[in-house]
Amino acid sequence: MDHVSHPEIREAVARLCARFPGEYWRGLDRDRIYPTEFVNALTEAGFLSVLIPEEYGGSGLGLGAATAVLEEIHRSGGNGGACHAQIYTMGCVLRHGSAEQKARYLPGVASGEIRLQAFGVTEPTAGTDTTRISTFARRDGDRYIVNGQKIWISRAEHSDLMVLLVRTTPREEVKRASDGMSVLLVDMREAVGNGLTVRPIRTMINHATTELFFDDLSVPVENLVGEEGRGFHYILDGMNAERILIAAECIGDGKFFLDRGSAYAKDRKVFGRAIGENQGVQFPLARAYVQVSAAALMVDRATALFEADQPCGTEANMAKLLASEASWYAADQCLQIHGGFGFAEEYDIERKFRETRLYQVAPISTNLILSHVATHALGLPKSF
Ligand SMILES: Cc1cc2nc3c(=O)[nH]c(=O)nc-3n(C[C@H](O)[C@H](O)[C@H](O)COP(=O)(O)OP(=O)(O)OC[C@H]3O[C@@H](n4cnc5c(N)ncnc54)[C@H](O)[C@@H]3O)c2cc1C
């Protein structure tokens with residue numbers, strides 16, 4: 001099943017990850033600590049700037065290079081969630097920012113000097129219905145004054161800049177609900193304590209996610225990305241890349257569980273023989289292999305379309321759905337094969353099991369993907 005794409009990147013990432021074994025991730029997971037050393041190592045090796053054009057200091061590679069990086073991190077037993085957004089959040093500035101914004105920020109993002117890995121969209125009352133966000137930026141001369149609340153904003157404490165989606169015109173005053181929203185670049189170094197409060201949320205995984213409270217936060221108008229009122233469309237633009245990259249992480253997780261599950265099934269002897277000699281143990285592993293392989297093909301397909309600048313919304317969504325379900329099935333079977341040891345921290349199975357479950361909910365939940373496929377691929381009526 002091993003991909004042939006970007007073998008040199010895969011090997012280099014695998015070598016780097018070998019310096020950060022299960023023990024490292026386990027320790028951080030226990031105390032919910034950010035993997036600073038790992039993120040620094042990836043930054044120094046240039047793996048977080050693969051998508052940034054060379055003129056801004058990145059390597060200017062296609063999306064496939066980024067999928068290779070994230071898949072290998074996850075296959076090694078690590079987790080790219082601490083920094084995956086550093087790879088793609090800059091896409092909003094790259095595609096829609098002014099020449100001045102690109103020149104000001106992208107070289108720093110490429111070198112890692114600037115962390116641009118917080119992405120503020122979700123709100124507690126709006127949920128997935130993004131057009132109902134109520135965080136509002138009121139224009140006041142050359143500033144926007146922001147009030148409202150966001151939830152599940154990951155890495156906010158580890159970011160210098162945040163891409164923030166706000167309303168600039170109330171929903172009732174726009175023709176289409178998706179109009180009247182704007183993207184602001186918030187400088188976290190100035191904002192925190194000056195109108196922005198960040199409150200960490202402890203979750204079942206080590207993901208550095210937070211709640212944000214805006215209380216008259218002042219943001220210079222020059223930090224508006226693109227045109228006022230077009231923000232929702234800019235955010236949508238970035239979602240295909242995000243979904244494909246998250247799907248690649250799931251493929252990496254799936255391979256991790258298959259590697260570990262197969263090794264344990266060969267090694268563990270019960271009733272005088274390896275448990276892997278029993279078809280009752282083999283078949284779930286074989287099924288997981290089939291599912292991960294099929295999902296990987298869909299990730300490749302979506303990546304190829306994305307790289308060719310072709311429409312790929314449905315494929316990106318399908319890749320994410322298939323990959324997140326395949327990794328979860330593989331996780332469940334791997335845990336089962338490990339018997340009681342699957343529950344022991346030191347095997348890393350229970351941690352990865354918890355971690356891979358996220359991807360059926362975030363960045364987009366399975367039902368919302370099914371709804372996209374139903375209406376876009378099958379032409380069924382919209383239900384909301
Ligand atoms: C660890 C973590 C990190 C996150 N990081 C970020 C981040 O950095 N930035 C950010 O902006 N967001 C982030 N999120 C938010 C994430 O994108 C949302 O949680 C996710 O999109 C689901 O939205 P929700 O939680 O509001 O669920 P809801 O929209 O409340 O939905 C709840 C459930 O109902 C289902 N549902 C809702 N409407 C329908 C319908 N019409 N038909 C069928 N089913 C429906 C959904 O599929 C879901 O299963 C993160 C979330 C988590 C848990």
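Near MET188, within a Cβ-to-Cβ distance under 11 Å, what is the net charge of the other residues, with Lys and Arg +1 and Asp and Glu -1? Once all neighbours under 11 Å are counted, the net charge is -1. Each of GLY342, ASN79, GLY148 was placed along the dipole of the chain (beta-carbon charges, centred on the mean Cα), and the one lying farthest toward the positive end is GLY342. Using only side-chain charges placed at the Cβ, +1 for Lys and Arg and -1 for Asp and Glu, the dipole size of the range 1-147 relative to its Cα centre rounds to 400 debye. Along the charge dipole of the chain, which of THR366, ALA265, LEU28 sits closest to the positive end, that is, farthest toward it, with unit charges on the beta carbon of Lys, Arg, Asp and Glu (+1, +1, -1, -1)? So the residue furthest toward the plus end is ALA265. Basic side chains Lys and Arg get +1 at the Cβ, acidic Asp and Glu get -1 at the Cβ, and with that the dipole of the range 183-238 about its Cα centre reaches some 360 debye. With point charges of +1 on the Cβ of Lys and Arg and -1 on the Cβ of Asp and Glu, referenced to the Cα centre of the chain, which listed residue (MET90, GLY252, ALA68) lies farthest in the positive direction of the dipole? Result: GLY252.
The string of couplings for the range 79-89 from the Karplus curve (6.51, -1.76, 1.60, θ = phi - 60°) is 9, x, x, 5, 8, 4, 5, 5, 6, 10, 5 Hz, one whole number per residue in order, with x for Gly and Pro. Test of understanding: in a Gaussian network model of the chain with alpha carbons linked when under 10 Å, which of ILE349, ILE246, ILE114 would top the mean-square fluctuation ranking? Taking springs between Cα atoms under 10 Å, the residue moving most is ILE114. Taking the Cβ of ALA99 as the centre, find all other residues whose Cβ is under 14 Å away and add up their charges (Lys, Arg: +1; Asp, Glu: -1). Around ALA99, the surrounding residues sum to 0.
Helix 231-267 axis versus longest C-alpha principal axis of the chain: approximately 20°, rounded to the nearest ten. Size check on the range 206-305: the Cα extents along the three principal axes, sorted descending, read 72, 35, 15 Å.
Overall, the chain carries a charge dipole of about 980 debye about its Cα centre when +1 sits on the Cβ of Lys and Arg and -1 on the Cβ of Asp and Glu, all other atoms neutral. Treating each Cα of the chain as one equal point scatterer and applying the Debye formula with no solvent, the log10 of I(q)/I(0) at q = 0.07, 0.09, 0.12 Å⁻¹ comes out as -0.32, -0.53, -0.93. Taking Cα atoms only, the orientation of helix 63-75 departs from the longest principal axis of the chain by about 50 degrees.
Over all directions, the projected convex hull of the C-alpha atoms in the range 152-232 averages 6.1 nm² in area.
Close amide H contacts of LEU217 (hydrogens built in the peptide plane, cut-off under 5 Å, sequence separation of 5 or more or a different chain): VAL146. Within the chain, the longest segment free of exposed loop sites, counting trypsin sites (Lys or Arg not before Pro) that fall outside DSSP classes H, G, I, E and B and have at most 12 other Cβ atoms within 10 Å, spans 203-381.
The separation of the range 133-187 from the range 230-255, counted between C-alpha centres, amounts to 21 Å.
Out of ASN40, ASN79, ASN278, any idea which swings most in a Gaussian network model of the chain, alpha carbons joined below 10 Å? So, out of ASN40, ASN79, ASN278, the one fluctuating most is ASN278. Under 5 Å from the amide H of GLN149 lie the amide H atoms of THR135, PHE214, each residue being 5 or more positions distant or on a separate chain, with H modelled from the backbone and absent for Pro and chain starts.
Springs between alpha-carbon atoms under 10 Å, Gaussian network over the chain: tell me which of LEU245, LEU236, LEU212 tops the mean-square fluctuations. Largest GNM mean-square fluctuation: LEU236. Could you give the angle, 0 to 90 degrees to the nearest 10, between helix 22-31's Cα long axis and the longest principal axis of the Cα atoms of the chain? Here the helix axis deviates by roughly 50 degrees. What separates the Cα centres of the range 291-357 and the range 8-52 is a distance of 19 Å.
Working note: Karplus 6.51/-1.76/1.60 with θ = phi - 60° gives the range 148-158 the couplings x, 8, 10, 9, 6, 8, 7, 6, 4, 7, 10 Hz, where Gly and Pro are set to x.
Taken together, the values in this text are just the output of simple stated rules run on the coordinates, not laboratory data. It should be emphasised that the depicted structure is a prediction, and the values quoted were computed from it without experimental measurement. Ideal geometry is used to build each Cβ from the backbone, glycine not excepted, and the neighbour counts take in all protein chains shown.
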